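Shown next, in structure tokens, is the structure this report addresses.
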Amino acid sequence: MTKPKRTIQKHPQSDLLEHTPDDLRWATPDIVALYRAKRLQCKVIADLGCGIGFQAFAFAKHCQKVYAIEINKEKIARAEKNAALLNIKNIEFIHGDILDPNIIQKLKKVDIIFCDPERLPEEEQRSLATIKPNIQELLNAYQSITNKIAIEFPPQIQTIPFECEREYLSLNGKLNRLTLYFNGLRQCDRSVVTMPGGERLQNSTTKTVLPLAAEPEPYLYEIDPAVVKANLLPELLSTTKTGLLEKGKITLATSGKKVSSPFFCHSYRVLANCSDDETELLNALKQHHAKKVTLRKSIDPRDYWNYRTKLETNLNGTKTISLFQYKEKLLLAENLDL
Ligand SMILES: C[S@@+](CC[C@H](N)C(=O)[O-])C[C@H]1O[C@@H](n2cnc3c(N)ncnc32)[C@H](O)[C@@H]1O
């Protein structure tokens, strides 16, 4: 049986530190910051736009020296205070604009540059033009210092006009971060890392065909959305010997045998299938001792609870059954992670 994934707390130490709600909204979750700090381990690193310091504190654990630069005076004051609260001594905080030539001059000897830039808080569609500092200007300014540059990037932006590795990171089964790794840090074109385990999947250098399933087999797997976003379905499905059943809000693979992968958010065993006729569905649910029904089929969120309650008031079994739709059929399945 697949072990249920633990839900990871984003900032376990936040109660000890100075922050505003807005600081926390933009702060990197600790587990992500630590993962990145391990990948970017080096002697001297610069964190451009450090905010209140969450990523910089993780760098301080893995690098000898960290430069943390921040344009906002209040934020950098909180970052310095937080470093003192955590007894971190190897960060040099610099207040200023990372594009200021005096600051660039101070960072002449760093091994790696990292930047988690600012996005506009309320923006219908993320856009490259509104990211601060401007990424192209940052690259122009720092490429002569080091070719090892990593930049966090909004995963919602479809077109990424840079030559780099795109690493999609998922946390608790949800797409959490996209980091771009340039030149000396680039290991491949596209990768996925899943937290809390830290398992990694990357694009194959040879062309991999996407295995398709003709129909549902006894096991169903919900694929981590980061894998879909990174366009790594062919790599995942061919290594797990599963076939793609459906790609959409939920992406489902299927196979005749039970397989496990850290890139499956949930695994299910199919119990039955039936038409979407309500009487037939209720009979099938009763036959499988259902008490609760989780809807994994597409449904208008406003109708979710009405539909679910209508079914559940007629059930008196003991089990939770998940309901999927495949073409005109409903699939009743048992979640193997529970
Ligand atoms: C997303 S936040 C960083 C959060 C941080 N990584 C953390 O884990 O707490 C981006 C920060 O970049 C800063 N910033 C934006 N433009 C800047 C610039 N030109 N120079 C320095 N800092 C800048 C913003 O003030 C903001 O605090």
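The values are calculated or read from the model by the stated rules, or taken from the named source; none is laboratory data. Quick caveat: nothing in here was measured; it's all calculated off a predicted structure. A quick note on method: Cβ atoms are made from the backbone with ideal geometry, for glycine too, and the neighbour counts reach across all protein chains shown.
General observations
- Segment 24-34 - residue that is surrounded by 20 or more Cβ atoms within 10 Å (Cβ to Cβ) and under 13 Å from residue 56 (Cβ atoms) and, of those, farthest from the ligand (Cβ to nearest atom): 33
- Any hit, segment 253-261, residues being surrounded by fewer than 18 Cβ atoms within 10 Å (Cβ to Cβ) and within 27 Å of residue 180 (Cβ to Cβ): no
- Yes/no for residue 93 being within 14 Å of the ligand (Cβ to nearest atom), in contact with a Phe, Trp or Tyr (Cβ under 9 Å, 6 or more places away or on another chain) and either aliphatic (A, V, I, L, M) or assigned by TED's automatic domain parsing to the domain that holds residue 28 (or both): yes
- Note on segment 262-304: among residues that are in a loop (DSSP other than H, G, I, E, B) and in contact (Cβ under 8 Å) with a residue 60 or more places away in the chain, the one that is surrounded by the most Cβ atoms within 10 Å (Cβ to Cβ) is 263.
- Just one residue in the set 21, 12 is farther than 18 Å from residue 113 by Cα, in contact with a helix residue (DSSP H, G or I) (Cβ under 7 Å, 6 or more places away or on another chain), more than 12 Å from the ligand (Cβ to nearest atom) and not small (Gly, Ala, Ser); that residue is 12.
- Count of segment 112-128 residues which are free of Cβ contacts under 8 Å to residues at least 60 places away in the same chain and either in contact with an Asp or Glu (Cβ under 8 Å, 6 or more places away or on another chain) or more than 14 Å from the ligand (Cβ to nearest atom) (or both): 5
- Test: residue 160 is within 15 Å of the ligand (Cβ to nearest atom) and without any contact (Cβ under 8 Å) to a residue 60 or more places away in the chain: no
- Test: residue in segment 136-151 that is within 15 Å of the ligand (Cβ to nearest atom), surrounded by 17 or more Cβ atoms within 10 Å (Cβ to Cβ) and assigned to a loop (DSSP other than H, G, I, E, B): no
- Matching residues in segment 199-227 - criterion: being small (Gly, Ala, Ser) and either in a strand (DSSP E or B) or closer than 19 Å to residue 155 by Cα (or both): 226
- Segment 162-204 - residue that is surrounded by fewer than 19 Cβ atoms within 10 Å (Cβ to Cβ) and of a type in the set (A, V, I, L, M, F, W, C) and, of those, modelled with the lowest pLDDT: 162
- Which listed residue is under 30 Å from residue 263 (Cα atoms), touching a residue at least 12 places away in the same chain (Cβ under 8 Å), within 11 Å of the ligand (Cβ to nearest atom) and surrounded by 16 or more Cβ atoms within 10 Å (Cβ to Cβ), from 154, 133: 154
- Those residues of segment 192-219 which are in contact (Cβ under 8 Å) with a residue 40 or more places away in the chain and closer than 19 Å to residue 33 by Cβ, in sequence order: 192, 193, 194, 195, 196, 197, 198, 199
- Of all residues in segment 112-124, those satisfying the criterion of being within 20 Å of residue 36 (Cα to Cα) and either touching a Leu at 6+ places or on another chain (Cβ under 7 Å) or loosely packed, with under 11 Cβ neighbours inside 10 Å (or both) are 112, 113, 114, 115.
- The sole residue among 98, 88, 104, 45 that is in contact with a Phe, Trp or Tyr (Cβ under 8 Å, 6 or more places away or on another chain), surrounded by 21 or more Cβ atoms within 10 Å (Cβ to Cβ), assigned by TED's automatic domain parsing to the domain that holds residue 132 and modelled with pLDDT of 95 or more is 45.
- For residue 127: the one exception among (1) surrounded by fewer than 17 Cβ atoms within 10 Å (Cβ to Cβ); (2) more than 23 Å from the chain's Cα centre (by Cα): (2)
- Hits in segment 153-193 (condition: under 9 Å from the mean Cα position of the chain (by Cα) and aromatic (Phe, Trp, Tyr)): 168
- Check on residue 88, among the aliphatic types (A, V, I, L, M), within 11 Å of the ligand (Cβ to nearest atom), farther than 30 Å from residue 269 by Cβ and not in a helix (DSSP H, G or I): no
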